[in-house]
């Protein structure tokens, strides 16, 4: 097998020192006074020899190699177009291409033993890249703290309260979006509402719930019930109970909860939105109803994460820099004025 050409081979062919070759290949000709004739000679020799730079070695020396890592503690690749990460990955890829960067995908989920970790056998596996975009619902704050202490730059997608002082993040502005939904409910005359979510404490959902409670308190809406149940566990008895208590609107965290509400309402003869308005607090990728909801700008978040990481690498932001992108409201067809007599039995 032929030996891979090295910088000393280029130096010999071009008739210059290896130091001059190194400076030229790393784009430092201007600052070191290397003239254009010498630069052209070196580049011609590199092409003739078929030289390919060792990006791993360059990264270990602290240089920039044009590689951006993408890391998640969960599976990234979608099994369908409706995968949560699909649009984010499209945004990341498109912006990386537009910025002249290559992507390296990392994952910790396929390790044979022990918990998922960035530090395989004590080594930072992301070090080959200039920096990384990290995403996923799982917290792993200890891993992020160790990564920051290691001096490795990264940008997180999603709000992370405990890790907020470590590195910048970009997320959706759930607080403003949820408050906007509550305001629209209030403007349509709704005063008694029910919240339907899933039984976990992922930060994006916690942020929605906190914003919902705060907005209801500010506008004088009564939360009849806050149901944090798996969609399959939401039953007709519980929905009937909140309807009998006067609820005229329901908000759901995801499309599965909305579809379950629709299924139960159909069985009870409850009209949506005539008797019960229903609004979603997330993007709606596939659904049987034209749900009123807000869109999480996943593609824009992915794209901005790439740009933000490059800005961090250029030293343009403090580590505590955080960005929240607006969530556009989609009117749909499931929000209507509150009925005048909500306690009347459904037809």
Got a number for residues in the range 84-117 being touching a helix residue (DSSP H, G or I) at 6+ places or on another chain (Cβ under 6 Å) and at pLDDT below 75?
0
Determine which member of the set 206, 255, 210 is surrounded by 19 or more Cβ atoms within 10 Å (Cβ to Cβ), free of Cβ contacts under 8 Å to residues at least 40 places away in the same chain and within 21 Å of the chain's Cα centre (by Cα).
255
Looking at this structure, is residue 324 surrounded by fewer than 23 Cβ atoms within 10 Å (Cβ to Cβ) and assigned to a strand (DSSP E or B)?
yes
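Of 213, 238, 184, which residue is at pLDDT below 95, in contact with a strand residue (DSSP E or B) (Cβ under 8 Å, 6 or more places away or on another chain) and part of a helix (DSSP H, G or I)?
From the options 213, 238, 184, the qualifying one is 238.
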Only one of these conditions is not met by residue 238: (1) surrounded by 15 or more Cβ atoms within 10 Å (Cβ to Cβ); (2) outside the structural domain of residue 193 (by TED's automatic domain parsing). Which number is it?
(2)
Residue in the range 270-283 that is under 15 Å from residue 333 (Cα atoms) and surrounded by fewer than 16 Cβ atoms within 10 Å (Cβ to Cβ) present:
yes
Output the residues belonging to the range 163-176 that are surrounded by fewer than 23 Cβ atoms within 10 Å (Cβ to Cβ) and at pLDDT 95 or above.
173, 175, 176
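Can you tell me which of 311, 237 is within 28 Å of the chain's Cα centre (by Cα) and either without any contact (Cβ under 8 Å) to a residue 24 or more places away in the chain or within 26 Å of residue 200 (Cα to Cα) (or both)?
311
Kindly establish whether residue 44 is surrounded by fewer than 17 Cβ atoms within 10 Å (Cβ to Cβ) and over 20 Å from residue 66 (Cα atoms).
Yes; evaluated as a whole, the condition is true for this residue.
The values are calculated or read from the model by the stated rules, or taken from the named source; none is laboratory data. Only a predicted model underlies this, so the values are computations on that prediction, with no experimental measurement involved. Backbone-built Cβ (ideal geometry, glycine too); neighbour counts: all protein chains shown.
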